[in-house]
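My questions all concern the structure below.
Read-outs throughout are calculated quantities, based only on the coordinates presented, and are distinct from any laboratory measurement. As the structure is a prediction and not an experimental result, all values here were calculated from the model. Glycine also receives a Cβ, built like all others from the backbone with ideal geometry; neighbour counts cover every protein chain displayed.
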Amino acid sequence: MAKLFSEKTKQVFLGPLSKNNPIAVQVLGICSALAVTANLKPALVMGISVTVIVAFSNVIISLLRNTIPNRIRIIVQLVVVAALVTVVSEFLKAYAYDVSVKLSVYIGLIITNCILMGRLEAFAMANKPWESFVDGLGNGFGYAVILIVVGFFRELFGAGSLLGFRIIPQSFYDAGYMNNGLMMMPPMALIILACIIWWHRSKNKELQE
Amino acid sequence: MDTNKNGYTLIYATVMVIVVALMLAFVSGALKSTQDKNVRLDKKKQILSSLWINTDGQDADALYKKYIVKELVINSKAEVLSEKPGEAFDIDIKKELSKKLEDRRLPIYVANVDGKTKYIITLLGTGLWGPIWGYLALDADKNTIFGTYFSHASETPGLGANITEAPFQQQFVGKHILNDKYEFVSVAVLKVGQTTKTQEKVDAISGGTITSKGVEKMLLTCLGQYNQFFKQTTSGGTN
């Protein structure tokens, strides 16, 4: 047990949550972060899907790492990711049809998410399965956290609801309050994201260039 | 073992592809029936939605059985081809639209809402980025619009995508698709302020002009197929 949760593994897990966050610091996976965060629910499902896929593809690649021929290693990584993404997308279609309709093409586009290829190439190819799994979870959560924060603000101010439940009371609307339509558009996701990065860097001085 | 040899690389790639293909085929096969069920259930929800029936968190299958009393297949001469349950439901409207008008098999869902007959017609068209589709419910006079449901694959969020929202769809309620000579004219979707003498109109979505025009064209072509059926109307006129 002590080995499973050593200091190094802890760092591998916690790093991507803050100091080495894939979105806020490495600025990877931006495309999907903009596209699916108009509402909280798809952002949540996207976060979970990416976490599952990055964790398991990390494990698979880590298990195979000594057998993979060097010249086709990127192809092998892609095939593993593509297979996992297809499986996840089939499961969503079977058990969460509404969400899969909403996420439409973006589930398929997880394959091209830079976070996945980045982790596989940089971490899983050189580390043991357990560490790779933890690293995948950490990066997945790091990605999901940002998506959820962006989704939270966009749905709250864009639609006045959270997860479909009305939060801003009707009396506000009667008094002249209006939903901010800009929140629903992709540019606003960029602006919120930029605010998060701003806040994050002001907290972590060592990240400032 | 030398993992850089050509032979090893080839064998590795072949084995990997076969294993992955088998696995995906297995998953897809195992989940196929659940997925098909979802697609059919979703279609029922869409049809019910055109009658303003909210299916959220309810058994859409049971509601569908309760409200939809008959599923008809007719041709462009308004002759009934089939009344068998399920036959109209399985018609692929996209395939029918590519056939000649005389050969098309057109579905009509006959609903009974609070004792009143409604006819539901399937719509399919193109928006700005991709397909748009929907259902349109008519009153028993085959002229007055009772309700609509529109959906889309990839229209611009906040602009064209607003065709799925209630404010746009509610405009259609009570509009007439026939003129006072009982001729089919459909409903126009026009920019705010524009008017037309020959048709009734609803307001287009600002910033979503091409999608709005797509809705107008979809109504014209899809409802147009049922021209003969509408001629059986009991009361015409745009009032």
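Taking a point 7 angstrom from the Cα of B:Asp36 along the C-beta vector, which residues in the range B:77-116 have backbone N less than 13 Å away?
B:90
Along the charge dipole of chain B, which of B:Gly207, B:Leu136, B:Ala13 sits closest to the positive end, that is, farthest toward it, with unit charges on the beta carbon of Lys, Arg, Asp and Glu (+1, +1, -1, -1)?
B:Leu136
Any chance you could check the Cα centroid distance between the range A:59-128 and the range B:161-208 for me, in angstrom?
47 Å
Right, next: Could you work out the mean count of beta carbons from other protein chains within 10 Å of each residue's beta carbon in B:16-26?
The per-residue average across the peptide is 3.
Of the listed pairs B:Lys44/B:Lys231; B:Lys44/B:Lys181; B:Lys5/B:Lys32; B:Lys65/B:Lys191; B:Lys32/B:Lys116; A:Lys93/B:Lys201, which have alpha-carbon separations greater than 31 Å here?
Long pairs (Cα-Cα over 31 Å): B:Lys44/B:Lys181; B:Lys5/B:Lys32; B:Lys65/B:Lys191; B:Lys32/B:Lys116; A:Lys93/B:Lys201.
In percent, what relative contact order does chain B have, based on Cα pairs under 8 Å that are 6 or more apart in sequence? If you can, show how the numbers build up before the last one.
Working: 424 pairs, mean separation 36.5, N = 239.
Relative contact order here is 15 percent.
Over 27 Å between Cα atoms: which of A:Lys10/A:Lys102; B:Lys43/B:Lys99; B:Lys45/B:Lys84 fall into that group? Don't skip to the end; give the middle numbers.
Values: A:Lys10/A:Lys102 35 Å; B:Lys43/B:Lys99 23 Å; B:Lys45/B:Lys84 21 Å.
The answer is A:Lys10/A:Lys102.
Still on this structure, I have one more. Among B:Leu22, B:Thr117, B:Trp52, whose Cα lies farthest out toward the positive end of the dipole of chain B, if unit charges sit on the beta carbon of Lys, Arg (+1) and Asp, Glu (-1)?
Ranked along the dipole, the leading option is B:Thr117.
Something else: Where the only charges are on Cβ atoms (+1 Lys, Arg; -1 Asp, Glu), what is the dipole of the protein assembly as shown about its Cα centre, to the nearest 20 debye? If you can, show how the numbers build up before the last one.
Values: 46 positive and 35 negative charges, 122 e Å.
The dipole of the protein assembly as shown has a size of about 580 debye.
Starting from the Cα of A:Cys114, step 7 Å along the direction of its Cβ; do the same at A:Asn66; then give the gap between the two resulting points in nm.
It is 3.3 nm.
Counting only C-alpha contacts under 8 Å and six or more residues apart, can you give the relative contact order of chain A as a whole percent? Mind showing how you got there, number by number?
Values: 262 pairs, mean separation 72.5, N = 209.
Once normalised by length, the contact order is 35 percent.
Once you charge only the Cβ atoms, +1 for Lys and Arg and -1 for Asp and Glu, what is the size of the charge dipole of the range B:74-160 about its Cα centre, to the nearest 20 debye? Before the final figure, lay out the partial values.
Details: 11 positive and 12 negative charges, 34 e Å.
Value, rounded to 20: 160 debye.
Note down the net charge around A:Glu155, summing +1 for each Lys or Arg and -1 for each Asp or Glu among other residues with Cβ under 14 Å from its Cβ.
Working: positive: A:Lys41, A:Lys102, A:Arg154, A:Arg166; negative: none.
Within the 14 Å Cβ shell, the charges total +4.
Using +1 on the beta carbon of Lys and Arg, -1 on that of Asp and Glu, and nothing else charged, what's the dipole of chain B about the Cα centre, debye to 20? It would help to have the intermediate numbers written out before the result.
Working: 29 positive and 25 negative charges, 67 e Å.
Result for chain B is approximately 320 debye, rounded to the nearest 20.
Please sort A:27-39, A:50-62, A:156-168 by packing, taking for each peptide the average over its residues of neighbouring beta carbons within 10 angstrom, highest first. Walk me through the numbers before you get to the answer.
Numbers: A:27-39: 21.1, A:50-62: 23.4, A:156-168: 14.7.
Per-residue mean Cβ counts within 10 Å order the peptides as A:50-62, A:27-39, A:156-168.
Relative contact order for the range A:63-186: what percent, with Cα pairs under 8 Å and sequence separation of 6 or more?
Numbers: 60 pairs, mean separation 23.0, N = 124.
It comes to 19 percent, rounded to a whole number.
Students often check this: by mean Cβ neighbours within 10 Å, which of B:208-215, B:71-78, B:86-93 ranks highest, and how do the rest follow?
Ranked by mean Cβ neighbours within 10 Å, highest first: B:208-215, B:71-78, B:86-93.
As I understand it, the dipole of chain A uses +1 on the Cβ of Lys and Arg and -1 on the Cβ of Asp and Glu, about the Cα centre. Which of A:Leu147, A:Cys195, A:Ile53 lies farthest toward its positive end?
A:Ile53
Work out the mean other chain Cβ neighbour count within 10 Å for the residues of B:159-169 and drop it here as an integer.
On the way: counts 3, 0, 2, 2, 0, 0, 0, 0, 0, 0, 0.
Mean shielding by partner chains, rounded to a whole number: 1.
On average, how many beta carbons from a partner chain sit within 10 Å of the beta carbon of a residue in B:58-69?
Working: counts 0, 0, 0, 0, 0, 0, 0, 0, 0, 0, 0, 0.
Rounded to a whole number, the mean comes out at 0.
As an exercise, use a Förster radius of 25 Å and the Cβ-Cβ distance of B:Leu81 and B:Asp56 to find the FRET efficiency, rounded to the nearest 0.05. All intermediate terms of the calculation are to be shown ahead of the outcome.
Values: r = 35 Å, r/R0 = 1.38.
E between B:Leu81 and B:Asp56, to the nearest 0.05, is 0.15.
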